[in-house]
Amino acid sequence: METKFINQIQDTGFTLFQRNNEKADLRELAEEFEAMFINQMLKQARESKLSDGLFSSDEEDKFGSLLDQERSRSLAIELDLGIADALVRQFDKNTTE
């Protein structure tokens with residue numbers, strides 16, 4: 001007679017909450033990475049200007065940088081580039097094992 005050991009994991013409410021919370025954290029991190037990627041694209045586009053403006057200054061450059069950060073966050077939420085989805089799919093495989 002052969003006996004097989006079955007590894008049963010009983011999920012409690014807390015462990016299910018942790019698992020769902022980890023997926024939510026993973027999603028937030030993936031969206032933040034997508035925002036950083038968009039920010040880098042906007043930064044490169046701003047740096048590729050052909051000439052300086054007549055009244056350009058360091059303060060204007062700092063404001064433009066801050067504005068690009070906020071634009072990249074809103075674009076990451078509104079646009080579906082697929083970067084965040086791909087990251088969640090990739091890393092979700094690693095967390096469920």
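The values are calculated or read from the model by the stated rules, or taken from the named source; none is laboratory data. This one's a predicted model, so the numbers in the text were calculated from it and none came from an experiment. Cβ coordinates were reconstructed from backbone atoms using ideal geometry, including for glycine residues, and neighbour counts include every protein chain displayed.
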Point to revise | Condition met for Leu67 (out of contact with any Ser or Thr (no Cβ under 8 Å at 6 or more places or on another chain), hydrophobic (A, V, I, L, M, F, W, C) and modelled with pLDDT of 90 or more) | key: yes
Point to revise | Subset of segment 56-78 (residues that are touching a helix residue (DSSP H, G or I) at 6+ places or on another chain (Cβ under 8 Å) and either touching a residue at least 40 places away in the same chain (Cβ under 8 Å) or of a type in the set (S, T, N, Q) (or both)) | key: Ser65, Gln69, Ser72, Leu75, Ala76, Ile77
